[in-house]
Amino acid sequence: MNEIPVYETPAAAAAACAEALRSLIEAALEERGVARVAVSGGSTPRLMFDALSAMPLDWTRIDWFWVDERCVPPTDEQSNYAMTARHLFTPAGVPAERIHRVRGELPPAEALERYLAEIEQVFQTDFPEFDVVQLGLGADAHTASLFPGEPLIEEIGGVAAAVYVQKLEQWRITLLPETLFSARARLVLVTGEDKAEALRRITSEPLEPRRLPGQLLLSQQALSHFFLDRAAAAGLE
Ligand code: 6PG
């Protein structure tokens, strides 16, 4: 990774990522009349969503999907949908019909089937090309819900899958690498000192995405824009 801007604080990195997302959405709206975005969950995007929610965007023309979701009900505190609703959809007033959540309350196979059907219905093709996907990085170097050791990382093809994450004892629904690679843009927001080691490893160790899934974000076929704060970037050369 070279020439990656490093921001002083998590808030500054989040604001820059929100601004990049806004501008990619505007470009998509101008070119195609709609914008289709897939966002990540966890805790890192909160500040970014707070910043984005205050921006003047035509929320009626933006479709929201998830890069990954935990198989929990939408009211669960672990739900990525719930976090996004709190920090983005409610404050911005996003119309419900533009929110394409994973039905985490259903059995995983059914949640996957419904999500795939919703993606197909919105994109009207059998393979989606998102305008932007926003990703994060876990301290164990996972990205999306592609955790170290996951065989689907090397599988070509497939839009999304249900994966059982052993270490969390939890099912999740995740977009697959080909979908992430097919997006027109990838924004990766990583902040906090607990991510420094994972960032150092994905950038300095031999390319082996099955062991270090975050390396998918460095792929030449899918250049990503990184937004890091100083703490996360501490281990980078
Ligand atoms: C999720 C996410 C996930 C996330 C990383 C980082 O559901 O957990 O979408 O892939 O990007 O786990 O999470 P934090 O921001 O909580 O560190």
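The values are calculated or read from the model by the stated rules, or taken from the named source; none is laboratory data. Keep in mind that this is a model prediction, so the values were computed, not measured. Cβ atoms come from the backbone with ideal geometry, glycine included; neighbour counts cover every protein chain shown.
Taking the stated definitions as given, is Ala183 of a type in the set (Gly, Ala, Ser), modelled with pLDDT of 95 or more, more than 13 Å from the ligand (Cβ to nearest atom) and closer than 15 Å to Ser40 by Cα? Show your work before the answer.
Working: of a type in the set (Gly, Ala, Ser): yes; modelled with pLDDT of 95 or more: yes; more than 13 Å from the ligand (Cβ to nearest atom): yes; closer than 15 Å to Ser40 by Cα: yes.
Yes: the conditions hold for Ala183.
The residue of region 208-229 that is surrounded by the fewest Cβ atoms within 10 Å (Cβ to Cβ), among those that are modelled with pLDDT under 95 and part of a loop (DSSP other than H, G, I, E, B), is Leu223.
I'm checking my understanding of the structure. Among residues of region 74-93 that are in a loop (DSSP other than H, G, I, E, B) and within 15 Å of the ligand (Cβ to nearest atom), which one is surrounded by the most Cβ atoms within 10 Å (Cβ to Cβ)? Selected residue: Ser79. Hey, among the residues in region 1-20 that are surrounded by fewer than 16 Cβ atoms within 10 Å (Cβ to Cβ) and within 16 Å of the ligand (Cβ to nearest atom), which one's nearest to Ala185 (Cα to Cα)? Going through the qualifying residues, I end up with Ala11. The number of residues in region 123-162 that are in contact (Cβ under 8 Å) with a residue 40 or more places away in the chain and touching a Gly at 6+ places or on another chain (Cβ under 8 Å) comes to 7. Counting only residues that are of a type outside the set (D, E, K, R) and either in contact with a Lys or Arg (Cβ under 7 Å, 6 or more places away or on another chain) or within 14 Å of Thr143 (Cα to Cα) (or both), region 204-224 holds 11 of them. When you go through (1) under 17 Å from the mean Cα position of the chain (by Cα); (2) closer than 23 Å to Ser224 by Cβ; (3) without any contact (Cβ under 8 Å) to a residue 40 or more places away in the chain one by one for Arg101, which number turns out not to apply? Unmet for Arg101, out of (1) under 17 Å from the mean Cα position of the chain (by Cα); (2) closer than 23 Å to Ser224 by Cβ; (3) without any contact (Cβ under 8 Å) to a residue 40 or more places away in the chain: (2). Scanning for something part of a helix (DSSP H, G or I) and under 19 Å from Glu193 (Cα atoms), does region 4-11 turn up at least one residue? Yes - at least one qualifying residue is present in region 4-11.
Can you tell which of Ala85, Ala54, Ala109, Ala117 is small (Gly, Ala, Ser), within 20 Å of Leu135 (Cα to Cα) and out of contact with any Cys (no Cβ under 9 Å at 6 or more places or on another chain)? Steps first, please.
Details: Ala54 fails: within 20 Å of Leu135 (Cα to Cα); Ala109 fails: within 20 Å of Leu135 (Cα to Cα); Ala117 fails: within 20 Å of Leu135 (Cα to Cα).
Just a single option satisfies the conditions, and that option is Ala85.
Tell me yes or no: at least one residue of region 137-159 is touching a helix residue (DSSP H, G or I) at 6+ places or on another chain (Cβ under 6 Å), in a strand (DSSP E or B) and near the ligand (Cβ under 10 Å from one of its atoms). Among the residues of region 137-159, at least one is touching a helix residue (DSSP H, G or I) at 6+ places or on another chain (Cβ under 6 Å), in a strand (DSSP E or B) and near the ligand (Cβ under 10 Å from one of its atoms), which makes the answer yes. Looking only at residues of region 21-71 that are aliphatic (A, V, I, L, M), touching a strand residue (DSSP E or B) at 6+ places or on another chain (Cβ under 8 Å) and part of a loop (DSSP other than H, G, I, E, B), we find that the one that is farthest from the ligand (Cβ to nearest atom) is Val34.
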